[in-house]
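Only one structure is covered here, and it is reproduced in the block below.
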Amino acid sequence: MSNTAARPRRSLLYVPASNARALEKARTLPADGFIVDLEDAVLPEAKPAARETAVALIRAGGFENREVIVRVNALDTPWAKDDLAALAEARSPAILVPKVSSPDDLRVAAGALMSHASIQLWAMMETARSILYAREIAAFGAPLAGVVVGTNDLAKELRCSHPADRAPMRMALQTCVLAARAHGLAVIDGVHIDLDDEAGFIESCRQSRALGFDGRSLIHPKQIAGANIAYAPSADDVTRARKIAEAHRAAAADGKAVVVVDGRLVEFLHVREAERVLAQAEAIASLS
C-alpha cells in the first residue's frame, strides 16, 4: 500500500492553466498544493495554449515543497492524448484524470505514461459509475496516488440536491474515503462553490474531516486559510498525541503493553494514531 496519504494535503487549489497571472501568484500562496487545470477552467479554443503554459510551469518549477498536480481533459475528448503526451515529456509530478468511471480509464492514462514511472496518477470520482467502482479504482495500484471527489459533477449526474451539509451524497463521500483508506491512498474532498458563504465552507470542512478526508479542493485563494486550519491537528490534538507517545515509551521501557493516560486506557492502536498526528503536525510545520 502507498504511504502517499502522509503528505499534508489540507488545501489543493485549482488554478486555470490559461491564466498565467494566477499561476505565477500561486507560487506565493500558502496552499499545500495546486491543481493546474486544463479541463473545466479552460475554453476549448484556449486548450492548446494552456497545455503549453502548464508544461512551461512544470519545467520552471519554483513551488518548493508544494505539490503540483495537472488535471488533464477527459479521456474521451480530443485533447486528452496530447495532454498526457506533453505532460509525460515534461515529467509532470502528478496528473489528475477527470471522470474516471472504472479501472479501465486508469489503464488508458497509465499506458500513455508507461515510460515515465515517476509520474503519479490521481483519479477524479465524479460519476455514478466511479462510486460503484470505487473499490476497484482504489485497488489499481501504482502509479495511482489518490482520489479527488468531484461533488458538483456527481450531484448533477445523481440528480440530487447539493445542500451545504451534502446529505444526499454522504454515502458516496464515505465510499470514496473507505476505498482510499483500504489501499493507502490520499482522498480529497470536492469544492465549495459559494465564495460568500465562509461559515458554510468552514462547517463543510469540519464535516469532511470528520468523514476522514485528508483535505479539500479549492476554487479561490480566500479558502486556503480555513482549509489549512480545518484539516490540521489542533494544538490540543498535538499535546495529547505527544503525551500518549511519551507515556507509551515509558510503559514499554517497564515491559508494559498498555498504559493509562488522563484516565483512559491506551493501547498500541492509540499509539499509532498519536504517531500519525505528530508526523502530520511535523510535516505541516515543514511547509511553513
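Readers should treat all values here as calculations from the given coordinates under stated rules, not as data from a laboratory. Quick caveat, the model's predicted, so the values are computed rather than measured. Cβ: placed from backbone, ideal geometry, glycine included. Neighbour counts: every protein chain shown.
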What is the order of Met171, Met124, fewest Cβ neighbours within 10 Å to most? Met171, Met124
Hey, if you put +1 on the Cβ of every Lys and Arg and -1 on every Asp and Glu Cβ in the chain, which of Ile193, Ala180, Ala250 ends up farthest toward the positive end of that dipole? Ala250
Compare Gly190, Gly61, Gly200 in a GNM of the chain, Cα atoms joined below 10 Å, and give the one with the largest fluctuation. Gly61
Given points 7 Å out from each Cα along the Cα-Cβ axis, report the Asp262 to Asp76 separation in nanometres with one decimal. 5.1
Between Ile284 and Arg249, what length comes free when the chain is fully extended (0.36 nm per residue of separation minus the Cα-Cα distance, one decimal in nm)? 10.2 nm
Using DSSP to call loops (not H, G, I, E or B), can you name the GluC sites (Glu not before Pro) in the range 4-72 whose Cβ has at most 13 other Cβ atoms within 10 angstrom? Glu64
Quick check: pseudo-label points 7 Å beyond the Cα along Cα→Cβ at Ala199 and Arg21, how many nm apart are they? 3.3
Compare the Cα positions of Gln120, Leu158, Ala86 along the charge dipole of the chain (+1 at Cβ of Lys, Arg; -1 at Cβ of Asp, Glu; about the Cα centre) and return the one farthest towards the positive end. Gln120
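Got a sec? How would His192, His270 order by Cβ neighbour count within 10 Å, fewest to most?
Final ranking by Cβ density, sparse to dense: His270, His192.
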CD proxy at 222 nm, helix term only [per DSSP H run n ≥ 4: -39500 (n - 2.57); per residue of the chain; nearest 500]: -14000 deg cm²/dmol
What fraction of the Cα pairs in the range 235-287, stated in percent, has a spacing above 12 angstrom? 62
Could you identify which residue out of Val108, Val97, Val70 has the top mean-square fluctuation in a GNM of the chain using Cα springs shorter than 10 Å? Val108
From the Cα centre of the range 195-231 to that of the range 47-105, the distance in Å is 25
Applied in sequence order to the range 85-100, the curve 6.51 cos²θ - 1.76 cosθ + 1.60 (Karplus, θ = phi - 60°) yields integer Hz couplings, x standing for Gly and Pro, of 5, 5, 6, 5, 5, 7, 6, 4, x, 7, 10, 9, 9, x, 6, 6
For the range 261-271, in order, what is each residue's ³J(HN,Hα) by Karplus, 6.51 cos²θ - 1.76 cosθ + 1.60 with θ = phi - 60°, in whole Hz (x at glycine and Pro)? 10, 6, x, 10, 5, 10, 10, 4, 5, 6, 5
When Val100, Val258 are ranked with the fewest other C-beta atoms within 10 Å first, the list becomes Val258, Val100
Filtered trypsin sites (Lys or Arg not before Pro), the range 134-225: DSSP coil and at most 14 other beta carbons within 10 Å: Arg159
Residue by residue through the range 208-223, which ³J(HN,Hα) values in whole Hz follow from phi under the Karplus form 6.51 cos²θ - 1.76 cosθ + 1.60 (θ = phi - 60°), with glycine and proline marked x? 4, 5, 4, 6, x, 5, 7, x, 10, 7, 10, 10, 8, x, 5, 8
1/(1 + (r/R0)^6) with r = Cβ-Cβ of Thr239 and Asn65, R0 = 22 Å, i.e. FRET efficiency to nearest 0.05, evaluates to 0.30
